[in-house]
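The values are calculated or read from the model by the stated rules, or taken from the named source; none is laboratory data. Everything numeric here is computed off the predicted structure, so don't read it as measured data. Counting neighbours? That spans all protein chains shown, and the Cβs are built from the backbone with ideal geometry, glycine included. SASA here: full protein model, heavy atoms, side chains in, ligands and nucleic acids out. Shrake-Rupley method; radii C 1.70, N 1.55, O 1.52, S 1.80 Å.
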There are 2 protein chains.
Amino acid sequence: MPVPAPQKPPAKPARLSAARRTALLKALADPRRFALLESIAKAGCPLGCAQALATLPIAAATLSHHIKELESAGLIHVRREGKFHFLTLRPGVLQGLISVLSALETIPTPTT
Amino acid sequence: MPVPAPQKPPAKPARLSAARRTALLKALADPRRFALLESIAKAGCPLGCAQALATLPIAAATLSHHIKELESAGLIHVRREGKFHFLTLRPGVLQGLISVLSALETIPTPTT
DNA sequence: TCGATATTTCGACAACTATCGAATTGATTA
DNA sequence: TAATCAATTCGATAGTTGTCGAAATATCGA
């Protein structure tokens, strides 16, 4: 019986472009946005905007701005459900960034 | 005979503070700086400013600025030797950041 | 439809930053 | 000491971005 050709294993992250890498790093480099990501991660389930807002000392307009940044950087997914929006981490994205960063350190300790 | 208390093993990365994490991410979030880091990493040995400058389309003043940023973020070490300055990656720093980032993704895929 | 609630958009402002040329500092060499 | 070369500092500028209040948009419930 014909064995199906081995497909791409689970989810090959597909090397990050420089532009995308920069976009991710910029999105992560704001403390509020990072805190927001942490809230989403800790929630373990889609986080509503109201809950997100409760964890940050910022105005709703500012939260909306940061959500847009995180979304367009591809770090989160926003499920829009009527009046409410729910935030989840996009899996694998950070892993791609981590790969790029660890590649920088592959060459051990150059003679100082 | 008194056994010396077990010392801290090689180099415990010592959890990154939020401020430091943000500083690192900001330093990495500039494309020129990232390219500079890549040059340093690829060199495998301390990189002179002149060589660094050759790899980037920027003025010397701008390079100097970026070097200062990377240095004060703790990402590189600058050995000043007379007229010349040599750049090396500080080992382990990126690894600390990587740990923080991967901690965000520990919780797998929340129900979208 | 009307009012309440959730989120976004708009307009503005302040702070920050990347960039450069010119001037400066510091070290080497003639 | 004078000239030269490497790198930094200074001053200025343009572009970016985080922040907010107010207004707009969208959804839901009465």
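So that you can scan it fast, the table gives a plain yes or no per residue for (1) more than 24 Å from B:Ile40 (Cβ to Cβ); (2) away from DNA strand C (no atom under 12 Å from the Cβ):
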residue	(1), (2)
A:Pro57	yes, yes
A:Ser64	yes, no
A:Ile67	yes, no
A:Lys83	yes, no
A:Leu89	yes, yes
A:Ser99	no, yes
- Applying the selection to the range A:65-92, what residues are more than 8 Å from DNA strand D (Cβ to nearest atom), in a helix (DSSP H, G or I) and open to solvent by 40 Å² or more (accessible area, probe 1.4 Å)? A:Lys68, A:Glu71, A:Ser72
- Task: Could you tell me which residue of the range B:91-105 is farthest from B:Arg21 (Cα to Cα), considering only residues that are in contact (Cβ under 8 Å) with a residue 40 or more places away in the chain and more than 7 Å from chain A (Cβ to nearest Cβ)?
- Result: B:Gly92
- Task: Pull up the range A:38-58, narrow it to residues that are without any contact (Cβ under 8 Å) to a residue 12 or more places away in the chain and open to solvent by less than 60 Å² (accessible area, probe 1.4 Å), then point me to the one that is farthest from DNA strand D (Cβ to nearest atom).
- Result: A:Gly44
- From B:Ala50, B:Ala43, B:Ala29, residue being away from every other protein chain (no Cβ under 14 Å) and either over 30 Å from A:Arg90 (Cβ atoms) or more than 10 Å from the chain's Cα centre (by Cα) (or both): B:Ala50
